[in-house]
Structures are given as structure tokens and as C-alpha cells.
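To start, the structure under review is shown below, and the notes come after it.
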Amino acid sequence: MDNRKQGGPILNGLPSQVPDIDPEETEEWLASLDGLIDEGGRSRARYVMLRMLQRSREKQIGVPSLTATDYVNTIGPENEPWFPGDEEVERRYRRWNRWNAAMLVHRAQRPGVEVGGHISTYASSATLYEVGLNHFFRGKDHPGGGDHIFYQGHASPGMYARAYLEGRMSEQDLDGFRQQQSHQIDGKPSGLPSYPHPHQLPDFWEHPTVSMGLGPMNAIAQAQFDKYLQNRGVKDTSQQQTWAFLGDGELDEPESRGMLHVAAFEELDNLNFVINCNLQRLDGPVRGNGKIIQELEAYFRGAGWNVIKVVWGREWDTLLGKDRDGALVNLMNATPDGDYQTYKGESGGFVRDNFFGRDPRTKAMVEDYSDERIWNLKRGGHDYRKVFAAYKAAAEHTGQPTVILVKTVKGYSLGPHFEARNATHQMKKLTIDDLKLARDHFQIPISDKDLEADPKLPPYYHPGQDAPEIKYMQERRRTLGGYSPDRRSTHIDLKLPSDKAFDAGKRGSGKQTIATTMGFVRVLKDLMREKEFGKRIVPIIPDEARTFGMDSFFPTAKIYNPHGQNYISVDRDLFLAYKEATDGQLLHVGINEAGATAALTAVGTSYATHGEPMIPFYIFYSMFGFQRSGDFFWAAGDQMARGFVLGATAGRTTLVAEGLQHGDGHSHLLASTYPSIVSYDPAYTYEIARIVRDGIHRMYDPADERDPNVMYYLTMYNEPMVQPPEPEDLDVDGVLKGMYLLSKGPDNGGPKVQLMASGVGVPWVLEAQELLAEDWGVSADVWSVTSWTELRRDGLKSEDDRLLTPDVEARVPYVTQKMAETEGPVVATSDFMRAVPDQIRQYVPGHFTSLGTDGYAISDTRPAARRYYHVDGPSVVTQALISLADTGAISIDKAAEAARKYQLDDVTAGTSGSTEGAGA
């Protein structure tokens, strides 16, 4: 049966426009239902109606499903599959994992270290991971490819503990938890990061997850990208699955639920969410007065997901089998999560009185149960076979993504001080009594004497690699294709584009006026035409392709849609018709910058996750990049994504008609805080061509010795201008390092000044250069600054080197070298706030002043806005004259005269820039 036919929730009853063609027959059916209620009661009638709905779906009648089911397991005991493993053997080394994970965190609190950590998350989810690692999660060497596992961040100690049992980590490694630099082995920093951070443990972790909410979106994007690779014929990913482990509290993050519809629409049946519902967030209950599992079930069902609930362990099966009148199920349905949490923090007797005792029928069910037996009624997430059944059903399900809602106890098995306590997330140490209780529970062969010898450093436990349990564990991973987590950065060789592919950017635009955004699109189009390299490009667009001039890609590269195009396009007869296809190259994600950044991450890390280099070109309104999706970019850097991030329609006075929310004057400041972002603000298309070529070679040329794990951020503008051809004597090294001399001032014998600008600000200083010479007899050199941030980083590196070796002659920063050869004060400007050019202030010798577009953006014409912010040509002239006066070269009266001459206080007097295309 096609699972998609199950439909969505019942919301408003029958459609109002569907006529009853046989009212008499309808009344007979309704009377039959009334009779069933009278004879069998409401519970019996409810059961029959649910079975009728189930049969209706099986017959594909199209009856919508319920949003929530009873608070019981989705898979009944009669439908559980045969378990293929040795449960007892797997239980033994699961206990060892739990012990070692707890000891790792506990030992990290020893005097002089005390770096924190989390014990209780892995304690609650160990079964969830072990079932997967023993039976489902495929490693990189599996013939069908490795699975993508998004391990929950706070559960990282459990993954380290398992790697210890596998022989991949030593006790010395574990003792370096959260001491990445100070913990050294053989003289080298060898500490373990706190959470899954690929950037800091690149041969182990593959997906960063601990910034809550990012994991779900990135997992969806990963599963989507796997289907993209399959549909485009790049790689067979048909056997690969994505598993994302999440917390129930994490689902309150808007990002956690923000792309569920995408997974459902695209039928990502290669995607499985496993939500650890231990009912607790960091401070207390997730839904004390409600039921988070029921809430999530309704939400995911409504979004079109397949939902599997694992609520109760096998010990409950007998009781539920006796529940003929539904009293127990009703009690389960009615009990809020706050009570369920309290039950696991009390005792079996408390549960007897406060749960079963609330109904005489359920009280009678357990009258022959001891308090201990009641206490051992486990939750589903701690039952190996229940979890196995859910995973197997999820892996075999087709047509929909699956979410598995698993009920657990936070701090499970760690004793009464930890289990279900509100403070358990913050508890990092075990008392000597806690240690002994845990030792006994996990059956660890460590004596009281060994524990008491140094309670701050209780021993880890490993039975030796020859132990049958370890051999069994190793064999399971061999069968599944290798260890997990595991990250590999080896990939197939990438044929780099020819130099000819960049000619469109170098030759300029002739007499035609085009914006740098359009100039970039021409470069990208030629790159996509490269026979081998072109198919590796993945343009990512959040619904602004027409604004960026990329609609020409629609009929040629086509928009990726796993369903193709099953409608008649309204513009089908046009040359630039909107065209979707199953093998489309463009990832057009809709109005969804966060989803686009998640796609950037999946595409940009394909070299590692699939061994297939793919080059993302993510283009967006620059205002809605780092400001809106900053956390995703940080995670992309952590995952060592490679690619291009393109802030189009940049500048506070360039897309000026759009106003306050659209006028970007600070994205370069935000970008500068990301260590893996190399940011540029190019003025001309030939600069863009040089920068893009350099980025591609840095990322994928084996001969390039620079760190390849970077993303290039380029801001581009929508103001048309004639794009000049590349100068024959272009200082290419300067373009890439951050600055080069664009135009030397006239040799007129007058005072000298240096004008620095980036991006669309370069024409303003060229205008100022002319005015200074013509009106004031001043000679101004013009410098095109392609990257203020890279110049600053070069300066900082020089300072860092000197700090470590004060007695060695310091390397002179690049900008200092260049400006030391010049005369006169420096005036710097851009279409960004002053803090952007101010990044290099300390490295510029002599007098330095900056202009910028500080403040919120306004809606107006470009000339008026540039006059308003005082960054236009005449404003630059006046500031240059002020700087010359401040350095004693001229009288301040000249500057005052200029301010009056150019009417700087009148925004209507501004003339710098065109008015064409100032809005979107």
C-alpha cells in the first residue's frame, strides 16, 4: 500500500459541498453506530471506529487519519519482528558504555580541571543508539554507502565511550574531554571537544548538532540532497538513510519544525527522526501539564510524516492485554507528563497508589504485583526489542519520512539522585554511594576498594579486545560497513575549470551597463557550461532568481523537483519559462533562507559525506544572510563546508528603495566573525572572476597548500554601470589579498591624498578623485579594496606572530606595506558602516578617516541616500580636504568652502549613482 494515501488530520468534518446521495442509507449506518454504543459501550465503539478508519485507508478510500492515537505503542507485540541479535550480549556492553560515559564526565570534574559535561542525556538514550549501531546504521564501507547520523549533542560522552570499547580511543583520550589544548599526548594537544564538532575532531564527528534546532533542518537538507544526487545521476544514494537524534525539548525551537513540510512534500523516506522524549528540558518538564509525545504525534502527522510511538516496554504488554474495557489506556491518556516524571523519581509503591490506584479496575490489575515489579515496568525507549521494531518499520517505510517518538527516563540507570530529577541535566558528579549503585546496576567488576581509592577518578572498564562481547560488537560494525561516527575527507578528483571559463568576467561589458550581480551570473553561466566541472555546481536560490538575473537558468539548468513538473506552466511559451525537472540542477528552496543555508551545508560537505565534490553557489539578499541564518553558517563552518556565499543586492544605499529591512550595511562585519568565511566586496566583474577562480582552486586544487575548508562570501550590487575590462597590468595578488592601486592621481604638484573604497563605493572615490583635481588641485590615488576583512586578518596574524616571538623581526602587514609607499592622509569608504573599513585602521600608517552608512537604511533614491549618509563623491572630497587640513597641508577654510559648494547638508543636491533598479 502507498503510505501517502493515509491523508492528513480530521479537522472540520464532512466537506460542505458534498451531497448525501442516499440519506436513508446514511441514517441506517448512523443508527448502527448508536446501537454499538448502547450495546458495547463507548470504548468498544471507539475501537470499532478506529478499525473502520484503518480498513478505509487500506482500501484507499481517502478517509483522513486521526492526528493522535492512544498513548500506547504504535507497533503491538503481535506485530513485532524477530530480533536477530544476542540481546544479552548487547545488553552487557551497553552497560559498559553507560558506565564509561558517566565516568568520562565525572573524571572531567577532578580538581584543576572541572570542565563540566552532561551525564543524563546519554543515560536516557543509550538503547536508542545501541540498537542503531548494532543493527541499522551503515558505515562508510558499506556497499550501498554510509548512513548520515546526527548524534544528539549532549549524548557525546556515549559516543566517546563506545569508541573506547571499539579500540578507537584510549583512556588517555577520554581523560581529555573538554580539554582540547591543555590535554596533551606525546606533546600534542589531544583533547576531545564537548559535543559533535567535526572542525575539532575531523576524523570522528561528521554532523554538528548541539546548537538546538539546527540538527533537524540540516538532517532534512541532507536527506533531500541525497535524493538530489540520485536523481541527477551523480551517485547512487538509494540505500543511504539519514537518522537524526533529537530531544523533545529541542522541538520547541522554531527551526526544529520549520522544514517538516519539505520532507513530507519531497517524500524523503530516507529520513528518520528519533526523538528522545524523556519529558525534560534543561530546567524542568517539557510539558508538565500536557503530553509532549501526543503533541508531537499530531504535529508530525499533520505535516504528512509517518509516526511511530514507542511508549511502553514489554513489561506492560501483559497489563495492556488484560485491559478489556480500556481503563488502563484511558489512564495512560489522561496522565500528564509532569506526573509521569514524578513517578520515576519516586518508588513502585508511589506508582501503585498515584497511578494505578486512580481507577479501581487498574488497581486490581496490579494487586498481585510487588512494588519492585511495578517499579520495573519500563518505558519503551529502554526496551531493546521495542526500539528495534520501530527502527525496522522506519527503515522499510516508503513514501514518507518517519518520526519515532520514544519515551525514556532522563538519567536512567544512574540512581535516585539522577533519575527524572529536574536538575539532572546539570549534574556532573557522582557521590561514592552513587558510584557504587551505578557499579552494581551495570554489573561492573570494580571493587569498593578501587572506587574508594580515589572517588574523583573512578576507573573506566574494558574487558579487553578478546572478550566475546567486544568481538561481537566489532563484528556487528564490520557487517554494517565500519565504525560510526566516522568522517572521511577523501574524495574523487575534481577537474578544475579552464581559464577560459572566466573570460566573461574579465572582458567587461563594453558599452552596456550591468550590475556586478549580473556580471557574476555571466561568470557562473560559463562555469556551468564546463563539461566536467559544470555538473558539480549547485546554485541555491531562496526565491529571488529573477531579481538576481538568474531566470535564464530556468529553461536550461532547470529547477530541481523530485516530482518533476506536473502542471501547465503559465509562461511555457516564453523564452525564459519556469521549468522544474527531477534532474534539475538549481536548488530553488522557496522563501526559506534557513533551509537554503542548510542546503548549502549538505552540498558544501558532499566531498566528505559522499566523496563527491559539489560546489554550492548560494545567492540571496545580502541582508537576509548572516543576519537571519547566522547559526547555520557557523555550523556549516564547523562541518567544514566549502563553497560560495553570494550576498546580492548589497549595500545600504544601493538597494535603497526597499528601505530599512533590506538595506545591508553590516553583513561584512557579521561575516568577519566567522573564521571559515573569506569575505570580499568587489567593485567590478573582473575582480569577481579572479576571486571565484581563486576560491575554487583553494577548495579543490591539490597543489594549493591553503586550508580548503572555507566559504567565500562575495557582496554584489544591483546598480548598473559599465563594467571595465580587466587591466593588462592588474595586480592579481593585490585583488586576492584585499587591495590594489586602481587609479594613480594626476601629477599636478598639489597635495596628495589616498582614497580607499570597496564595492559600489569605488565609483564614488573615482568621482572624488576628479573633483579634488579639478576643484582643489589635490592629487588623489584610488585604491580598490576587495576585502577589508582579509587585510585585517593579515594584520592580526602579524601581531599574533610577534606576540609569540618578540625577538624576531615582525612581518609587516600587507596593507601597511602598500600604504607606507604613499603620501598623504587616507580616506576610506564603502556602502557599509564605518566599522567595516575601520577594521584596518590600526595597520594604516599616518592619518586615517572613514566614511560609512551607519544607521538604519532609508527608502529614497541612491543619490539622495548617499548624500544623507555622506558617502558620495563630494562628501569624500570634503573629508579629504579636512584630513589634509588636519595634517597641515592646507587650510581648514578649503574644507568649509567645499561643504558649502557641494551643499552637503542638502540631500536633494546629491548626484552620485544612478536611479536605475534601486528597488526590487
Between a first residue in region 100-117 that is at positive phi and of a type outside the set (D, E, K, R) and a second residue that is surrounded by fewer than 17 Cβ atoms within 10 Å (Cβ to Cβ) and at pLDDT below 95, which pairs have beta carbons less than 8 Å apart while being 6 or more apart in sequence or on different chains?
Gly116/Gln109; Gly117/Gln109
Of (1) over 36 Å from the mean Cα position of the chain (by Cα); (2) within 30 Å of Thr911 (Cα to Cα), Val785 fails just (1)
Residues of region 526-562 being within 28 Å of the chain's Cα centre (by Cα) and either among the charged types (D, E, K, R) or within 16 Å of Phe502 (Cβ to Cβ) (or both), which ones?
Leu527, Met528, Phe533, Gly534, Lys535, Arg536, Ile537, Asp543, Glu544, Arg546, Asp551, Lys558
Every residue in region 799-817 that is within 26 Å of Leu851 (Cα to Cα), touching a Lys or Arg at 6+ places or on another chain (Cβ under 9 Å) and in a helix (DSSP H, G or I), please.
Tyr814, Val815
Which residue out of Glu726, Glu774 is more than 21 Å from Thr516 (Cα to Cα) and acidic (Asp, Glu)?
Glu774
Selected residue (criterion: surrounded by the fewest Cβ atoms within 10 Å (Cβ to Cβ)) from residues of region 572-589 that are of a type in the set (A, V, I, L, M, F, W, C) and outside any strand (DSSP E or B)
Phe575
Of the residues Thr362, Thr402, Thr398, Thr408, only one is touching a residue at least 24 places away in the same chain (Cβ under 8 Å) and in contact with a His (Cβ under 7 Å, 6 or more places away or on another chain); which?
Thr408
Any residue at all in region 763-781 that's surrounded by fewer than 14 Cβ atoms within 10 Å (Cβ to Cβ) and either over 21 Å from Pro874 (Cβ atoms) or in contact with a His (Cβ under 7 Å, 6 or more places away or on another chain) (or both)?
no
By residue number, the members of region 133-151 that are crowded, with 22+ Cβ neighbours inside 10 Å and either at pLDDT below 95 or part of a helix (DSSP H, G or I) (or both) are Leu133, Asn134
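Can you work out which of the residues in region 164-200 that are outside any helix (DSSP H, G or I) and hydroxyl-bearing (Ser, Thr, Tyr) is surrounded by the fewest Cβ atoms within 10 Å (Cβ to Cβ)?
My answer is Ser182.
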Thr516, sole failed condition from (1) closer than 25 Å to Ala596 by Cβ; (2) out of contact with any strand residue (DSSP E or B) (no Cβ under 8 Å at 6 or more places or on another chain); (3) at pLDDT 95 or above
(3)
From the residues in region 313-341 that are buried (at least 16 other Cβ atoms within 10 Å of the Cβ) and among the β-branched types (Val, Ile, Thr), which one is nearest to the chain's Cα centre (by Cα)?
Thr335
Count of region 489-502 residues which are surrounded by 15 or more Cβ atoms within 10 Å (Cβ to Cβ) and farther than 28 Å from Thr609 by Cβ:
1
Taking the options Asp86, Asp20, Asp34, name whichever one is under 30 Å from Ser125 (Cα atoms) and modelled with pLDDT of 75 or more.
Asp86
Suppose we filter region 129-169 for residues that are hydrophobic (A, V, I, L, M, F, W, C) and over 23 Å from the mean Cα position of the chain (by Cα); how many remain?
7
Looking at region 804-830 only, could you name the residues that are touching a helix residue (DSSP H, G or I) at 6+ places or on another chain (Cβ under 8 Å) and surrounded by fewer than 11 Cβ atoms within 10 Å (Cβ to Cβ)?
Val808
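For the subset of region 728-747 comprising residues that are part of a loop (DSSP other than H, G, I, E, B), out of contact with any helix residue (DSSP H, G or I) (no Cβ under 6 Å at 6 or more places or on another chain) and touching a residue at least 12 places away in the same chain (Cβ under 8 Å), which member is farthest from Gln639 (Cα to Cα)? Write out each step before concluding.
Our first condition is that a residue be part of a loop (DSSP other than H, G, I, E, B); within region 728-747, this holds for 728-731, 738, 744-747.
If we keep only those that are out of contact with any helix residue (DSSP H, G or I) (no Cβ under 6 Å at 6 or more places or on another chain) too, we end up with 728-731, 744-745, 747.
Now narrow it down to the ones that are touching a residue at least 12 places away in the same chain (Cβ under 8 Å): 730, 744-745, 747.
Values: Leu730: 36, Lys744: 44, Gly745: 46, Asp747: 52 Å.
Per the criteria, the residue is Asp747.
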Just to be sure, is Tyr680 at pLDDT 95 or above, under 14 Å from Ser622 (Cβ atoms), in contact with a Gly (Cβ under 9 Å, 6 or more places away or on another chain) and outside the structural domain of Trp788 (by TED's automatic domain parsing)?
yes
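Being farther than 19 Å from Phe848 by Cα and part of a helix (DSSP H, G or I) is the filter here; which residues of region 895-910 pass it? Don't jump to the end; show me each part of the working.
Kept after step one, since they are farther than 19 Å from Phe848 by Cα, are these residues of region 895-910: 896-910.
Within region 895-910, Ala896, Glu897, Ala898, Ala899, Arg900, Lys901, Val907, Thr908, Ala909 qualify.
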If you check Gly913 against the conditions, is it among the small types (Gly, Ala, Ser), buried (at least 19 other Cβ atoms within 10 Å of the Cβ) and part of a loop (DSSP other than H, G, I, E, B)?
yes
Among the residues of region 348-364, are any part of a helix (DSSP H, G or I), under 37 Å from the mean Cα position of the chain (by Cα) and not hydrophobic (A, V, I, L, M, F, W, C)?
no
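Suppose the filter is in a loop (DSSP other than H, G, I, E, B), buried (at least 24 other Cβ atoms within 10 Å of the Cβ), in contact with a helix residue (DSSP H, G or I) (Cβ under 6 Å, 6 or more places away or on another chain) and in contact (Cβ under 8 Å) with a residue 24 or more places away in the chain; does Leu282 pass it? So that I can check it myself, show each step before the final result.
Numbers: in a loop (DSSP other than H, G, I, E, B): yes; buried (at least 24 other Cβ atoms within 10 Å of the Cβ): no; in contact with a helix residue (DSSP H, G or I) (Cβ under 6 Å, 6 or more places away or on another chain): yes; in contact (Cβ under 8 Å) with a residue 24 or more places away in the chain: yes.
Taking the combined requirement at face value, the residue does not satisfy it.
Which one is surrounded by the most Cβ atoms within 10 Å (Cβ to Cβ) among residues in region 848-875 that are out of contact with any strand residue (DSSP E or B) (no Cβ under 6 Å at 6 or more places or on another chain) and under 18 Å from Leu772 (Cα atoms)? Can you show your working first?
Here is the first cut: in region 848-875, the residues out of contact with any strand residue (DSSP E or B) (no Cβ under 6 Å at 6 or more places or on another chain) are 852-870, 872-875.
When the remaining residues are screened for being under 18 Å from Leu772 (Cα atoms), the result is 867, 870, 872-875.
On the way: Arg867: 27, His870: 20, Asp872: 31, Gly873: 25, Pro874: 25, Ser875: 24.
Taking the candidates together, the pick is Asp872.
Inspect all residues belonging to region 431-453 and state whether any of them is in a loop (DSSP other than H, G, I, E, B), free of Cβ contacts under 8 Å to residues at least 40 places away in the same chain and not assigned by TED's automatic domain parsing to the domain that holds Ile293. Give the derivation first.
Taking region 431-453 as the starting set, the residues that turn out to be in a loop (DSSP other than H, G, I, E, B) are 431, 443-447.
From what's left, free of Cβ contacts under 8 Å to residues at least 40 places away in the same chain: 431, 445-447.
Narrowing further to those that are not assigned by TED's automatic domain parsing to the domain that holds Ile293: none.
Checked against the condition, which is being in a loop (DSSP other than H, G, I, E, B), free of Cβ contacts under 8 Å to residues at least 40 places away in the same chain and not assigned by TED's automatic domain parsing to the domain that holds Ile293, region 431-453 yields no hits at all.
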Residues in region 72-106 that are touching a strand residue (DSSP E or B) at 6+ places or on another chain (Cβ under 8 Å) and of a type outside the set (Val, Ile, Thr) total 2
Restricting to region 75-96, name every residue that is of a type in the set (A, V, I, L, M) and assigned to a loop (DSSP other than H, G, I, E, B).
Ile75
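The values are calculated or read from the model by the stated rules, or taken from the named source; none is laboratory data. Please read these numbers as outputs of a predicted model, since none were measured by experiment. Counting neighbours? That spans all protein chains shown, and the Cβs are built from the backbone with ideal geometry, glycine included.
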